Amino acid sequence: MRHNGVCLAIVLLLLAACTSTSAPSGNPPSGTWSGDYGPDADRRDPVTLELRWEDTHLRGTVHAGPRSLPLSKASFKPETGAISMEFDVPGNNGETVHYMIEGKVEGKMMTGSWGHDAQRGDFRLTKQ
């Protein structure tokens, strides 16, 4: 009997250790994030992202060059750190370019990929 109790205690301690070290912080990514984005390692442009958590909704604005672009959709999953965002940019010929972003928040770092039409790239941001 005593052996079973010790085994159970060890298993519970191991499970607690695994879940506490592998889970993301779970904090909403509110604040100012800055970094760069681009289609490859050589072509990069600066970008700033302002996010705010309102009740259960993520809202924000992308600042790229002289443009400030409100997010049309945004979500954050605290249990995994997954973040997704969408926004529209007026194109040169009057058409709208729809950006879709998928990423992951880990502490003060956010990384991921972006795309629109046939263009793809990645981004790296640090929370200020």
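The values are calculated or read from the model by the stated rules, or taken from the named source; none is laboratory data. Keep in mind that what you see is a predicted model, and the values were worked out from it rather than measured. FYI the Cβ positions are ideal-geometry reconstructions off the backbone, even for glycines, and counts take in every protein chain you see.
Residue check: is Lys108 touching a Pro at 6+ places or on another chain (Cβ under 9 Å) and basic (Lys, Arg)? Judged against the criteria, Lys108 is not a match.
Each row is one residue, and each column tells you yes or no for (1) over 17 Å from Val47 (Cα atoms); (2) in a strand (DSSP E or B); (3) out of contact with any Ser or Thr (no Cβ under 8 Å at 6 or more places or on another chain).
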| position | (1), (2), (3) |
| --- | --- |
| Ser75 | yes, yes, no |
| Thr80 | yes, no, yes |
| Glu86 | no, yes, no |
| Val89 | no, yes, no |
| Asn93 | yes, no, yes |
| Ile101 | no, yes, no |
| Lys104 | no, yes, no |
| Trp114 | no, yes, yes |
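Residues satisfying the criterion are absent from segment 86-96 (criterion: under 16 Å from the mean Cα position of the chain (by Cα) and hydroxyl-bearing (Ser, Thr, Tyr)). Residues that are within 23 Å of Pro39 (Cβ to Cβ) and modelled with pLDDT under 95 within segment 57-95 comprise Ala64, Gly65, Pro66, Arg67, Val89, Pro90, Gly91, Asn92, Asn93, Glu95, listed in sequence order.
Can you say whether Gly31 is in contact with a strand residue (DSSP E or B) (Cβ under 8 Å, 6 or more places away or on another chain), among the small types (Gly, Ala, Ser) and modelled with pLDDT of 95 or more, as far as the supplied structure shows? The answer is yes for Gly31. Can you tell me how many residues in segment 105-120 are in contact (Cβ under 8 Å) with a residue 40 or more places away in the chain and either surrounded by 15 or more Cβ atoms within 10 Å (Cβ to Cβ) or under 18 Å from the mean Cα position of the chain (by Cα) (or both)? Within segment 105-120, residues that are in contact (Cβ under 8 Å) with a residue 40 or more places away in the chain and either surrounded by 15 or more Cβ atoms within 10 Å (Cβ to Cβ) or under 18 Å from the mean Cα position of the chain (by Cα) (or both) number 6.
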